[in-house]
1. Test THR103 against the stated conditions and say whether it is touching a residue at least 24 places away in the same chain (Cβ under 8 Å), among the hydroxyl-bearing types (Ser, Thr, Tyr) and under 24 Å from VAL46 (Cβ atoms).
2. What's the total number of residues in segment 87-128 that are modelled with pLDDT of 85 or more and among the polar types (S, T, N, Q)?
3. Give me the residue from segment 51-85 that is at pLDDT 75 or above and small (Gly, Ala, Ser) and, out of that set, surrounded by the most Cβ atoms within 10 Å (Cβ to Cβ).
4. Pick from ALA163, ALA181: which is under 21 Å from LEU76 (Cβ atoms) and modelled with pLDDT of 85 or more?
Amino acid sequence: MIDGRSPSRLTTLPNMLGLARIAATPIVVLLLLLPFPGAGLIGFAVYAAAATTDYLDGRIARARDQVSPLGVFLDLTADKVLVAGVLVAMVEVDILPTWIVATLLIRELVVQGVRQVAAEASVVIAARQLGKWKTFATNAAIGVLLLAFDAQTGGQVGKVVEAGLVQGIGFWLAILATVLAVVSGVAYLRGALPMLLGREG
């Protein structure tokens, strides 16, 4: 995405959307850590809106010719800040087990490390379909678990559906996301191994 032509202005719409994702993180975390009836539903709405901006900002930047190094940084970083922050808070309030969150976060750290090495070598590693499915499953799991949290804390969701049912769906979506994270991470590493070992070409 970096083409070296567009100036790095903080106030472009794509950059503001990236900043909005970062700003949404402490809001959702606080709603989990300081719950009240309806906190989970509000958290779900905030998270869903923030996750949607991840889909929009890159497309808007390209459409408006506003691609910049700052925009790339925000695009790559903001969604990880949002997901990591909310996942850690979910461990704190016993919505998710530590091993699931640790697996998801370790995978992101490893892949990010490979991408950094690739960038320094001027090698572009495209996102793989499995990785996109992992992202979708992770976001879906977080969204469903926020609704489960609302049901568990006396919110409106609990008046419509049993909290345990929603919690179970969210948990198995998180399991799916974890499996996809491991499989896609291994595939990513295998594809990058020649570069890491200096055997390209």
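The values are calculated or read from the model by the stated rules, or taken from the named source; none is laboratory data. Nothing here was measured: the structure is a model prediction, and the numbers come from that model. In this analysis, Cβ positions are derived from the backbone assuming ideal geometry, glycine residues included, and neighbour counts consider all displayed protein chains.
1. Working: touching a residue at least 24 places away in the same chain (Cβ under 8 Å): yes; among the hydroxyl-bearing types (Ser, Thr, Tyr): yes; under 24 Å from VAL46 (Cβ atoms): no.
So THR103 fails the test.
2. 2
3. ALA78
4. ALA181
Here's the yes/no breakdown for (1) among the charged types (D, E, K, R); (2) touching an Asp or Glu at 6+ places or on another chain (Cβ under 6 Å); (3) surrounded by 15 or more Cβ atoms within 10 Å (Cβ to Cβ); (4) free of Cβ contacts under 8 Å to residues at least 40 places away in the same chain:
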| residue | (1), (2), (3), (4) |
| --- | --- |
| LEU87 | no, no, yes, no |
| ARG107 | yes, no, yes, no |
| VAL144 | no, no, yes, yes |
| GLY158 | no, no, yes, yes |
| GLY164 | no, no, no, yes |
